Amino acid sequence: MNGRWTRDNTIELLENGEMFYPRVLADIERAREEVLIETFIWWDDEIGYQLHKAVIQAAERGVRVDITVDGFGSGSLPASFVQSLSDAGINLHVYDPRGRVLGYQTNLFRRLHRKFAIIDATVGYIGGINYSMEHVREHGPKSKQDYAVRVTGPVVDEMHQFCRKQVGRINTPERRRWLRRLRWYRPNPLKPARHAQAALVWRDNADHDQAIEQWYYDGIVNARREIIIANAYFFPGYRFLRALRLAAERGVRVCLILQGEPDKFYVRQAASTLYDYLLNAGIEIHEYIDRPLHGKVAIIDDDWATVGSSNLDPFSLALNLEANLFIRDTEFAGLLRDRLVALMDTACHRVQRQEVPRQRGWRQIVRVLVFHFLRRFPAWARLIPGHVKRIQPSGRDRLVARESKRLT
């Protein structure tokens, strides 16, 4: 069921690739029966090859491995990279694989943007982190600030059932029961929250096309004290914006952490068209200026939080396949809040009212057009053909090396 609350989950916040990759790779090394992974991006760089090695070693010791990648985000993997996975017995699935036209990818819309990893149906990961060097500081000034969670408990059953359904059920063969030793796991300094309530919520292009937005909306309209949203691509619908404005008007502190050093040229321009409206409503805008922000997290009051893959823009809210974990737990919400407040205090610029021109004349016309676009986009999006069953087995004809600019 989409959005069913479960109790007694242990949820561990993982900030950036430096925390995420050692943890997930260590769990894959310990896998005995099954590894399920979904990701938008898997690149053939240092991080990509670490995952490549870990899943091949798991397959060699008898673990069933199913990996699903997006045909757009992971469309440039070398044929040798893919073939070695196949040779090891790994099931690699590709969502909406298409060739190029005049050198350009044509599968731009309705992407598989979820990020899952489930090991032995007992440990789950969900968040915004892909498998590439872009998520570690070593990548340089364009490395990304991001978040994920490691989960154990009943909600992992929901995650496992959902991901297994995407690639088909299996008859699990007998497994060898020995474990490999942990090589490079480092303890997480962020204390995990225990006994948390959690709900897996996904967005698809069938019966749940507004599920994630609705969960955000319900949280916002019930907020009493504080809302902090950190989101890489912020261009939500009119209903969402109005809910934020009404929350601010009833005395809720509303803080947005948005990109100040975006990874795409249009991101800040798009979000900034909303600044006048947001500032007029008394909403705080903090631009993260240390490096590109890729996170998709939020906290509301003392016990509500979400971590996942969904941006708050037309692509994520009306087109892409997304998944977020919604959490009810004071300990986890407090920890995430502390991390976001530290980000605002040390690495953000708070946008002041005098920095944003009042929207008069042509600027007012642009704002009206933008608002009408946001109001109508979900209906227009239904005109773009939806993908229902486009996950296909990979092969050399599906993912091949190409000289192209990678997109995230």
Reported set for the range 41-86 where residues are assigned to a helix (DSSP H, G or I), under 20 Å from the mean Cα position of the chain (by Cα) and of a type in the set (A, V, I, L, M) is I47, L51
Taking the range 128-161 and the residues there that are small (G, A, S) and not in a strand (DSSP E or B), the one that is surrounded by the most Cβ atoms within 10 Å (Cβ to Cβ) would be G128
Pairing a residue in the range 233-249 that is closer than 12 Å to P314 by Cα and in contact (Cβ under 8 Å) with a residue 40 or more places away in the chain with any residue that is part of a loop (DSSP other than H, G, I, E, B) and not acidic (D, E), where Cβ atoms lie under 6 Å and the two sit 6 or more apart in sequence or on different chains, gives Y233/N311
By residue number, the members of the range 195-232 that are at pLDDT below 95, among the charged types (D, E, K, R) and closer than 16 Å to D302 by Cα are none
Of the residues in the range 351-368 that are in contact with a helix residue (DSSP H, G or I) (Cβ under 6 Å, 6 or more places away or on another chain) and assigned to a loop (DSSP other than H, G, I, E, B), the one that is modelled with the highest pLDDT is V356
Of those in the range 327-350 that are part of a helix (DSSP H, G or I) and of a type in the set (D, E), the residue nearest to R7 (Cα to Cα) is E331
Reported set for the range 72-92 where residues are crowded, with 19+ Cβ neighbours inside 10 Å and under 23 Å from Q161 (Cα atoms) is I90, L92
Reported set for the range 274-316 where residues are in a strand (DSSP E or B) and farther than 24 Å from T330 by Cβ is I285, E287, Y288, L293, L312
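The values are calculated or read from the model by the stated rules, or taken from the named source; none is laboratory data. Keep in mind that this is a model prediction, so the values were computed, not measured. Note that each Cβ is placed from the backbone with ideal geometry, even for glycine, and that neighbours are counted across all protein chains shown.
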